[in-house]
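**Q** Following this message is one structure expressed as structure tokens.
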Amino acid sequence: MNSQEDNQDYLKISEAAKLIGVSQKTVYRWIVSGDLEATRVRGLYFISRAALKSRLSNPGAAAARPEIAAKAELMKCGSCYQIISSDSQIGGVCKTEGCEQVICTQCLQKDIHYCLNHRPSTQQNWRAAEEKLQTGEYQLLVKSTNARQRELIFENRFDARLSNIKTLMHPESGELLNIPSWERVCEKSDEQAQLLKYLRKLFLDAATLARYPLNASLHYRLMPGKGQKSEPLEIVVQALSRMDRMVQQQFDSEPLSADVLAAELMHYTQELDREHIFRIVVLASITGWDESARQIIEGSKPGTAFFHRRALVYLYDLEKGELVYNARDERTHGYADLITPTLPDEELQEVIAAIENEMIVHDSLALVDALAIFPYKRGLVEAAYKKLSETGRYKTLILPGNGAALVRQRN
Ligand SMILES: [Zn+2]
Ligand SMILES: [Zn+2]
């Protein structure tokens, strides 16, 4: 027997399927169930002709039964539904006992081990993640619901902060810009379209919108007044998170890194010179920024920090509540106060916003539950309940044995 024949004695899944007239999925099922012997090399399965022959001569063999062979169908990933056209796309099979759904290599790389039907519940995911946080395997943990809260709170806080500012010095020209109304110069946007894609949905209801971060952004465009020679000044506030992970796992456990930052920097600075505008850019990461990202902005030594003559860039770390910027750049230093972390009087507003967002999915929220959901002190949550009751949209009830609860008022 020469070596060429030797090679031909082994078949790939696709070849074996074609040879005996069944689907690739069927061959794969046999391999997974142990009915067909196969060797795995670099992620590819190889089946010897001898093994295939013995499988077919087995009286119970599915291939011998035409009704099963007739069911030959396209093999798809059980999680993302992409069509599997080559063996190398097969990453594994759903981890649920008895389930034969194939999981593609791309899904497996994203840590997906279950088909859509057997995907663990949100609660199971969170419990497992909380354990990993305890053991130190995860350095942080932000659940998808908290991510949306963080984003909303940050946006509201920033909006509120700016609304008190009537005059702002242009970072480049030094001219004073008058801002009669921030609302009128603000454009809000988010990535709902992207979220729909990740969720594989065609609509988003209020509850879903409250459950996932939207990577919302605020875009203020300040035009210089009559007789002023400044270039337009734009203030961009962008919340950032890994939406795909938030959808797949219902949480994220890593800060954003330099590659994400580099893409954002490119996006927000590339047309500045051509369009003659100046930008103050605030990039707020819901899971914070890692060291590699911080170094780009701060610089490891003088002269190494990011610099653009028409842009000031700040990183906001929503995990640690920190503002990161190049303190050596005097221009940047001056506007840092505008973006500083929470002032004491803003904290109550923050809690109120968080509770209102949570109330989108509840008719009532017991104080004990609120304290379990939010990282805020009891007194602060009680104060927020009181404020919310004063709006008339809610009332606070004392439930016997259950303590206080915020209840939505019915009209
Ligand atoms: Zn897949
Ligand atoms: Zn499954």
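The values are calculated or read from the model by the stated rules, or taken from the named source; none is laboratory data. The model shown is predicted, which means the values in this text are computed figures rather than measured ones. Here the Cβ positions follow ideal geometry from the backbone for every residue, glycine too, while neighbour counts run over all protein chains shown.
**Q** From Glu390, Glu330, Glu298, which residue is under 30 Å from Phe251 (Cα atoms) and acidic (Asp, Glu)?
**A** Of the residues listed, the single one that is under 30 Å from Phe251 (Cα atoms) and acidic (Asp, Glu) is Glu298.
**Q** Right, here's the next one. Only one of Gly91, Gly78 is near ligand 1 (Cβ under 8 Å from one of its atoms) and part of a loop (DSSP other than H, G, I, E, B); which?
**A** Of the residues listed, the single one that is near ligand 1 (Cβ under 8 Å from one of its atoms) and part of a loop (DSSP other than H, G, I, E, B) is Gly78.
A quick yes/no check of all residues on (1) closer than 30 Å to Cys186 by Cβ; (2) within 16 Å of ligand 2 (Cβ to nearest atom); (3) touching a strand residue (DSSP E or B) at 6+ places or on another chain (Cβ under 7 Å); (4) modelled with pLDDT of 85 or more:
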{"position": "Gly98", "(1), (2), (3), (4)": "no, yes, no, no"}
{"position": "Asp111", "(1), (2), (3), (4)": "no, yes, no, no"}
{"position": "Ala128", "(1), (2), (3), (4)": "no, no, no, yes"}
{"position": "Leu141", "(1), (2), (3), (4)": "no, no, yes, yes"}
{"position": "Asn164", "(1), (2), (3), (4)": "yes, no, no, yes"}
{"position": "His170", "(1), (2), (3), (4)": "yes, no, yes, yes"}
{"position": "Gly174", "(1), (2), (3), (4)": "yes, no, no, yes"}
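**Q** Can I ask one more? For segment 120-136, does any single residue satisfy the condition of being in a loop (DSSP other than H, G, I, E, B), closer than 25 Å to Lys201 by Cβ and not aromatic (Phe, Trp, Tyr)?
**A** Taking every residue of segment 120-136 in turn, at least one turns out to be in a loop (DSSP other than H, G, I, E, B), closer than 25 Å to Lys201 by Cβ and not aromatic (Phe, Trp, Tyr).
**Q** Please determine, by comparing only the residues of segment 372-396 that are touching a residue at least 24 places away in the same chain (Cβ under 8 Å) and more than 31 Å from the chain's Cα centre (by Cα), which one is surrounded by the most Cβ atoms within 10 Å (Cβ to Cβ).
**A** Per the criteria, the residue is Tyr394.
**Q** Restricting the first residue to segment 78-91 and requiring it to be within 21 Å of Leu11 (Cβ to Cβ), which pairs with a second residue that is within 16 Å of ligand 2 (Cβ to nearest atom) and in a helix (DSSP H, G or I) meet a Cβ separation below 9 Å and a spacing of at least six or different chains?
**A** Ile84/Lys25; Ile84/Tyr28; Asp87/Tyr28; Ile90/Tyr28; Gly91/Cys107; Gly91/Leu108
Matching residues to (1) closer than 22 Å to Asn156 by Cα; (2) part of a helix (DSSP H, G or I):
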site: Phe203; (1), (2): no, no
site: Thr208; (1), (2): yes, yes
site: Arg221; (1), (2): yes, no
site: Gln248; (1), (2): no, yes
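**Q** Taking the options Arg245, Arg274, Arg279, name whichever one is closer than 25 Å to Ser79 by Cα and either of a type in the set (Lys, Arg) or surrounded by 21 or more Cβ atoms within 10 Å (Cβ to Cβ) (or both).
**A** Only one candidate qualifies: Arg245.
**Q** Suppose we filter Phe203, Phe251 for residues that are buried (at least 16 other Cβ atoms within 10 Å of the Cβ) and of a type outside the set (Ser, Thr, Tyr); which single one remains?
**A** Phe251
**Q** Between Gly334, Gly288, which is surrounded by fewer than 21 Cβ atoms within 10 Å (Cβ to Cβ) and out of contact with any helix residue (DSSP H, G or I) (no Cβ under 9 Å at 6 or more places or on another chain)?
**A** Testing whether each residue is surrounded by fewer than 21 Cβ atoms within 10 Å (Cβ to Cβ) and out of contact with any helix residue (DSSP H, G or I) (no Cβ under 9 Å at 6 or more places or on another chain) leaves just Gly334.
**Q** For the condition surrounded by 15 or more Cβ atoms within 10 Å (Cβ to Cβ), at pLDDT below 80 and either more than 16 Å from ligand 1 (Cβ to nearest atom) or not assigned by TED's automatic domain parsing to the domain that holds Leu199 (or both), what is the one hit in Ala62, Ala38?
**A** Result of the check over Ala62, Ala38: Ala62.
Yes/no matrix, rows are residues, columns are (1) in the same structural domain as Leu162 (by TED's automatic domain parsing); (2) at pLDDT 90 or above; (3) of a type outside the set (Val, Ile, Thr):
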{"site": "Glu298", "(1), (2), (3)": "yes, yes, yes"}
{"site": "Phe307", "(1), (2), (3)": "yes, yes, yes"}
{"site": "Glu319", "(1), (2), (3)": "yes, no, yes"}
{"site": "Met359", "(1), (2), (3)": "no, no, yes"}
{"site": "Arg378", "(1), (2), (3)": "no, no, yes"}
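**Q** Does Asn117 meet the test of being within 14 Å of ligand 2 (Cβ to nearest atom), surrounded by fewer than 18 Cβ atoms within 10 Å (Cβ to Cβ), outside the structural domain of Ile360 (by TED's automatic domain parsing) and in contact (Cβ under 8 Å) with a residue 12 or more places away in the chain?
**A** Yes.
**Q** Would it be correct to say that Asp190 is in contact (Cβ under 8 Å) with a residue 12 or more places away in the chain, within 16 Å of Asp244 (Cα to Cα) and either of a type in the set (D, E, K, R) or not assigned by TED's automatic domain parsing to the domain that holds Gly334 (or both)?
**A** Yes.
**Q** Go through segment 95-140 and give me each residue that's among the aliphatic types (A, V, I, L, M) and either over 21 Å from Ile31 (Cβ atoms) or away from ligand 1 (no atom under 16 Å from the Cβ) (or both).
**A** Leu116, Ala128, Ala129, Leu133, Leu140
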